[in-house]
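Participant: Take a look at the following structure, please.
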Amino acid sequence: MGGTIAGLAADPEGNPNKYKAGQVGIDSLLAHIASALPQNIAVISEQLANMNSRNLSESLLTDLGNRIQECLNDLLVKGIVITHGTDTMEETGLFLQATCGHRAQILGKRIVITGAMLPANAPAADGPRNLVDAISWASMPLENCPNGVYAVMSGKVCLAMDLAKRHGSALNAPLRDSPTSPVNLINPSWLSCVKAVQAAWGEDLPIPKAEEWPWVEILTSHAGARARTIKHWLTSEVLGLVLAGTGAGGFHDDWSEPLDEAIDRGIALVRTSRTGSGATYPHIPEKDAHGCMASGTLSAPRARIALQLALNAAETLKISGKALTWQDFFARIANLPEFR
Ligand code: ASP
């Protein structure tokens, strides 16, 4: 998919932050690490995109999800590694868990997402090691680790849905607050948490068609928040709002009235926290209106993807006669066992 792992700095010895993401092809990245790869596997590569992930689009997520599902169904494929920019790995990780996680588990395969914080030509580039680790993790024998959707960065592994970039430049930025285990040394308590999450994930949600992702925006509550920020959206075609609230997911009192109006107009609301960690629970700090869900431990970017998938699932599956609401689907993702 590209990202900094495939990036090039104009002056590799100079400032490593001055570079262009998505410049080197996946074949070259693999050729560079060929001698360090496990010997018992054949690595086949495919360039779906080569971009800066800050420009990730919903239609590209659709292409990625569909391609991953095809690869999972291929009997010759043992595991799948995705190189990706770290900026939006958080979104892609949650998306892949929610749409491909169950299928990966029942087919006995691992999907592993990785990236880098330094461009490919930086003297201390972290990408080569991350890619070797990701391929090793994807091909590690089953008895050592369960299947599913993971992220590998800076020598550690976590569930892809737990990965979050929490620093602008640190090499371990994407794993900072995520519960992790060292790639080759699985920590037993981590493993039991992974298994609990996976046991609770019983059914994948449908992948939205490229042009049919429900329109959902993230709004942040802050000092001086205005009612008209919410009113602005009431006449739009937005289908959902994720409220990145203060503290445990509260929002400014001036938002209360226009948010009630949003619910009356059928706009789905999700409350989350702008703090960057911790959880948002139902009816805390105030009672939730019907039509407003708490996000659990989902951050705002993850809650947004979860809400889009939930709205899409409610709409798509309605046609096939399953009368579940977006809240039912959203709860499946937000209520996964807490992994802290
Ligand atoms: N802006 C880059 C990207 O997300 C950052 C990175 O890959 O680390 O593509």
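Participant: Using the Karplus equation 6.51 cos²θ - 1.76 cosθ + 1.60 (θ = phi - 60°), what ³J(HN,Hα) coupling, rounded to whole Hz, does each residue of the stretch 229-238 give in order, writing x for Gly and Pro?
Facilitator: Here the 3J(HN,Hα) series is 4, 6, 4, 3, 7, 5, 9, 8, 9, 4 Hz.
Participant: Give me the accessible area of residue 70, 1.4 Å probe, in Å² rounded to the nearest 10.
Facilitator: Per-residue accessible area (residue 70): approximately 110 Å².
Participant: List the residues, sorted by chain then number, that are 5 or more residues from residue 180 or on another chain and whose placed amide H is less than 5 Å from its amide H.
Facilitator: Here nothing satisfies the definition.
Participant: Can you give the relative contact order of the chain as a percent, counting alpha carbon pairs under 8 Å and 6+ residues apart? Working shown, then result.
Facilitator: Values: 693 pairs, mean separation 47.3, N = 340.
In percent, rounded to a whole number, it is 14.
Participant: With 28 Å as the limit, write out which pairs from 18/109; 165/195; 156/287 have Cα-Cα distances beyond it, or answer none.
Facilitator: Details: 18/109 37 Å; 165/195 24 Å; 156/287 39 Å.
Over 28 Å apart, Cα to Cα: 18/109; 156/287.
Participant: Right, another one. Taking a probe of 1.4 angstrom, what is the accessible area of residue 193 in Å², to the nearest 10?
Facilitator: 40 Å²
Participant: Let a ≥ b ≥ c be the square roots of the eigenvalues of the Cα gyration tensor of the stretch 1-87; is it rounded (a/c under 1.5), or, if not, prolate (a/b larger than b/c) or oblate? Mind showing how you got there, number by number?
Facilitator: Working: a/c = 3.27, a/b = 1.32, b/c = 2.48.
Judged from the Cα gyration tensor, the stretch 1-87 comes out oblate (a/c at least 1.5, b/c at or above a/b).
Participant: Any idea what % of Cα-Cα pairs in the chain are farther than 29 Å?
Facilitator: Working: 22507 of 57630 pairs.
Cα-Cα pairs of the chain separated by over 29 Å account for 39 percent.
Participant: How do 84, 290, 167 rank by accessible surface area computed with a 1.4 Å probe, from largest to smallest?
Facilitator: Numbers: 84 0, 290 160, 167 75 Å².
Sorted descending by solvent-accessible area, the residues read 290, 167, 84.
Participant: Using θ = phi - 60° and the Karplus curve 6.51 cos²θ - 1.76 cosθ + 1.60, what whole-Hz ³J(HN,Hα) does each residue of the stretch 42-51 get, with Gly and Pro shown as x?
Facilitator: 10, 9, 10, 10, 8, 9, 7, 7, 9, 9
Participant: A further question on this structure: Could you identify which residue out of 90, 143, 13 has the top mean-square fluctuation in a GNM of the chain using Cα springs shorter than 10 Å?
Facilitator: 143
Participant: Follow-up. Heavy-atom accessible area of residue 80 with all protein chains present, probe 1.4 Å, nearest 10 Å²?
Facilitator: The accessible area comes out at roughly 20 Å².
Participant: Rank-order 260-273, 294-307, 22-35 by packing density, defined as the average count of other C-beta atoms within 10 Å over each peptide's residues, highest first. It would help to have the intermediate numbers written out before the result.
Facilitator: Details: 260-273: 19.8, 294-307: 25.3, 22-35: 15.0.
Top to bottom by mean Cβ count within 10 Å: 294-307, 260-273, 22-35.
Participant: Under a 5 Å amide H to amide H cut-off, with H placed in plane at 1.01 Å, what residues pair with residue 293 once short-range neighbours are removed?
Facilitator: So residue 293 has HN proximity to 269, 270, 271.
Participant: What number, rounded to the nearest 500 deg cm²/dmol, is the helix-based mean residue ellipticity at 222 nm of the chain, given -39500 (n - 2.57) per DSSP H run of at least four residues and division by all its residues?
Facilitator: Values: 9 runs with 115 residues, N = 340.
Computed ellipticity for the chain at 222 nm equals -10500 deg cm²/dmol.
Participant: While we're here: Near residue 174, within a Cβ-to-Cβ distance under 15 Å, what is the net charge of the other residues, with Lys and Arg +1 and Asp and Glu -1? Provide the component values of the computation, followed by the final result.
Facilitator: Details: positive: 54, 129, 156, 165, 166, 176, 302; negative: 87, 90, 91, 126, 133, 162, 177.
Cβ neighbours under 15 Å give a net charge of 0.
Participant: Still on this structure: Could you order 48, 94, 142 by accessible surface area, starting with the largest, using a probe radius of 1.4 Å?
Facilitator: Details: 48 65, 94 0, 142 100 Å².
Ranking 48, 94, 142 by accessible area, largest first, yields 142, 48, 94.
Participant: Another one. Just the number, please: percent antiparallel of the DSSP beta bridges in the chain, rounded to the nearest 5.
Facilitator: Working: 10 of 35 bridges.
If I count the DSSP bridges inside the chain, around 30 percent turn out antiparallel.
Participant: Rank these by accessible area, largest first, 1.4 Å probe: 281, 150.
Facilitator: Per-residue accessible area, sorted high to low, gives 281, 150.
Participant: Then there is this: Using a 1.4 Å probe, what is the accessible area per residue for the chain, in Å²? Before the final figure, lay out each step's value.
Facilitator: On the way: 15480 Å² over 340 residues.
In whole numbers, the chain has 46 Å² accessible per residue.
Participant: With label points built 7 Å along Cα→Cβ from the Cα atoms of residue 184 and residue 231, find their separation and express it in nm.
Facilitator: 6.3 nm
Participant: Quick one: Karplus J couplings for the stretch 302-311, per residue in order, coefficients 6.51, -1.76, 1.60, θ = phi - 60°, nearest Hz, x for Gly and Pro?
Facilitator: Once rounded to whole Hz, the list reads 6, 4, 5, 4, 4, 5, 4, 5, 5, 5.
Participant: Can you send over the carbon and sulfur percentage of the accessible area for the chain, probe radius 1.4 Å, protein chains only?
Facilitator: Values: 8030 of 15480 Å².
C and S fraction of accessible area: 52 percent.
Participant: Which length gain, in nm to one decimal place, applies between residue 169 and residue 55 when the Cα-Cα distance is subtracted from 0.36 nm times their residue separation? Please report the intermediate quantities before stating the final value.
Facilitator: Working: separation 114, 0.36 × 114 = 41.04 nm, distance 1.85 nm.
Additional length available on full extension: 39.2 nm.
Participant: Near residue 318, which lysines are there with a Cα under 23 Å away, not counting those fewer than 8 places off in the same chain?
Facilitator: Result set, ordered by chain and number: 209.
Participant: Applying 1/(1 + (r/R0)^6) with R0 = 25 Å to the Cβ-Cβ distance of residue 288 and residue 220, what FRET efficiency is obtained, to the nearest 0.05? Before the final figure, lay out the partial values.
Facilitator: Details: r = 19 Å, r/R0 = 0.74.
Plugging the Cβ-Cβ distance into 1/(1 + (r/R0)^6) gives 0.85.
The values are calculated or read from the model by the stated rules, or taken from the named source; none is laboratory data. Since we're looking at a predicted model, the values are computed, not measured. For neighbour counting, all protein chains shown are included, and Cβ atoms are generated from backbone atoms with ideal geometry for every residue, glycine included. All accessible areas refer to the heavy atoms of the entire protein, side chains included, with ligands and DNA or RNA removed. Shrake-Rupley method; radii C 1.70, N 1.55, O 1.52, S 1.80 Å.
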